[in-house]
Amino acid sequence: MSAESILEAVMILVLVPACGIVFALTPWITSKGELFSVSVPTAAASDPQVRSLKRGYSQWMLVLTAALTGLVIYAFAAADEYTAALVICVATAALVLVGYLLMLRCRDRVRNLKKVRGWVASAQEHAAMLVGDGVPMPASLSWELLNLLPIAASLLIAALGYDGAPDLIPIHEGLDGVVNGWAEKSVLTMLLPILFQLAMAGTMTVVHAMILRSKRPVDPRHPASSAFAYGAYVHAWSVCCVWMGLALNASGMVLEASQVGWVSLHVASTAITAVTLAILVPCLVLAVRYGQNGTRLLARLPEDLALPADEDDRWYGGVFYVNREDPSVVVPKRFGIGWTLNMGRPAGWAIVVGFIAICIVSIVVAAQG
């Protein structure tokens, strides 16, 4: 088996266990004041029933992950690559669906426990803090302009190598490393890697901008500490955004070189697969290092039974935030790592519709090609 085939196999086999491990860790890396998308006092983290609930969720997700990983390995070894790909997609979807349904079940239990314990917010306390000295700042959006360098390099490669490129350009190979797809030489074919680069640069720029404009959660009991933790969290993810975009666009340069025949498609596929695997590492490291909103940096803060605010009624299904009174369009997730949209704002719907439109256009273009 070739190096590229080995890397591709590793990427395929890592997908399901990586997703499962993230799900299993989620209850432990979210804020102490948010348990399965329910507002709770920070002291709830030490409650025996709460810890039992979190352990149960993690154990079920790890068992399911092990079973689905075994199924994927069997499919990868015994079936053709298309069947194996289908099994991987179904296994990943099943993992996400079961993880979400388990979260809803745990959410109901936390709600009942909240009533029994009498965890009620006496008032809706909120705090804001001006970003100043001592609070880490996110990477500037201007860093995304670095993506223009590999894109320009790809344009140069296409211009210099077009005349010497083969009439039939290899564009796909199987897991055995044998090319099984070609495209006729044309300007559009030569531009495909550059379109990929533009899509990656645009995506990472939008994600970076959303991070910069996200709502900054500040704990009214510990405003300075929580502002610092969230600042460090946003700084780390914004830097990661820049790094991921550059890495993906650098692999696009290698893909362009394969289009003009300077390197083989095998080399390009190996580079793209290696980069894809490499960018997963910092994502997992940041998730564990900082937790959601930088909560792991606040682990030593004292716990208490106070509940400053309660917005449970604004979170539908635990993951959909709808609040017309909140001017923020991008808000931190309650369950998981990252951010989500405020669907109570028109801009939130505009982003969703735009994303769906881009997906549809991409599928249509790919089908016509």
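Taking segment 317-329 as the range and being β-branched (Val, Ile, Thr) and farther than 25 Å from Leu97 by Cβ as the test, only Val329 passes.
If you go through segment 274-293 and keep only what is open to solvent by 70 Å² or more (accessible area, probe 1.4 Å) and under 13 Å from the mean Cα position of the chain (by Cα), you end up with Leu280, Val281, Leu284, Val285. Note on segment 218-256: residues that are in contact (Cβ under 8 Å) with a residue 60 or more places away in the chain, over 30 Å from Leu155 (Cα atoms) and not in a loop (DSSP other than H, G, I, E, B) amount to 13.
When Leu307 is tested against (1) in a loop (DSSP other than H, G, I, E, B); (2) loosely packed, with under 15 Cβ neighbours inside 10 Å, only condition (2) is not met. Of all residues in segment 46-92, exactly one satisfies the criterion of being outside any helix (DSSP H, G or I) and closer than 30 Å to Asn112 by Cα, namely Asp47. Kindly indicate whether Glu256 is over 19 Å from Pro136 (Cα atoms), open to solvent by less than 40 Å² (accessible area, probe 1.4 Å) and of a type in the set (D, E, K, R). For Glu256, the condition - over 19 Å from Pro136 (Cα atoms), open to solvent by less than 40 Å² (accessible area, probe 1.4 Å) and of a type in the set (D, E, K, R) - is met. Return yes or no: is Ala347 at pLDDT 90 or above, of a type outside the set (Val, Ile, Thr) and open to solvent by 40 Å² or more (accessible area, probe 1.4 Å)? For Ala347, the condition - at pLDDT 90 or above, of a type outside the set (Val, Ile, Thr) and open to solvent by 40 Å² or more (accessible area, probe 1.4 Å) - is met. For segment 94-109, filtering for residues that are in contact with a Gly (Cβ under 6 Å, 6 or more places away or on another chain) and within 17 Å of Ala18 (Cβ to Cβ) leaves 1. Here Pro170 passes the criteria (1) assigned to a helix (DSSP H, G or I); (2) in contact with a Phe, Trp or Tyr (Cβ under 6 Å, 6 or more places away or on another chain) except the one numbered (1). Within segment 67-116, how many residues turn out to be closer than 30 Å to Ser39 by Cα and among the small types (Gly, Ala, Ser)? Within segment 67-116, residues that are closer than 30 Å to Ser39 by Cα and among the small types (Gly, Ala, Ser) number 3. The residues of segment 206-230 that are in contact with a Leu (Cβ under 7 Å, 6 or more places away or on another chain) and either open to solvent by less than 50 Å² (accessible area, probe 1.4 Å) or hydroxyl-bearing (Ser, Thr, Tyr) (or both), listed by number, are His208, Ala209, His222, Ser225, Ser226, Ala229.
Apart from one condition, Arg296 fits all of (1) in a helix (DSSP H, G or I); (2) more than 15 Å from Ile337 (Cα to Cα); the exception is (2). Scanning segment 140-153 for residues that are over 22 Å from the mean Cα position of the chain (by Cα) and open to solvent by 60 Å² or more (accessible area, probe 1.4 Å), which turns out nearest to Val263 (Cα to Cα)? The extreme case among them is Leu149.
Applying the set (1) loosely packed, with under 15 Cβ neighbours inside 10 Å; (2) of a type in the set (A, V, I, L, M, F, W, C); (3) at pLDDT 85 or above; (4) under 30 Å from Glu34 (Cβ atoms) to Leu156 leaves exactly one unmet item: (4).
Please work out which residue is most open to solvent (accessible area, probe 1.4 Å), limiting yourself to segment 231-245 and to residues that are out of contact with any Gly (no Cβ under 9 Å at 6 or more places or on another chain) and farther than 15 Å from Thr273 by Cα. Filtering first and then ranking leaves Trp243. Cβ-Cβ contacts under 9 Å between residues 6 or more apart (or on different chains), taken from a first residue in segment 61-75 that is touching a residue at least 60 places away in the same chain (Cβ under 8 Å) to a second residue that is open to solvent by 60 Å² or more (accessible area, probe 1.4 Å) and part of a helix (DSSP H, G or I), are listed as Val72/Leu15.
The values are calculated or read from the model by the stated rules, or taken from the named source; none is laboratory data. Because the structure is a prediction, the values reported are computed rather than measured. A quick note on method: Cβ atoms are made from the backbone with ideal geometry, for glycine too, and the neighbour counts reach across all protein chains shown. Surface areas here come from the heavy atoms of the whole protein model, side chains and all, with no ligands, DNA or RNA. Shrake-Rupley method; radii C 1.70, N 1.55, O 1.52, S 1.80 Å.
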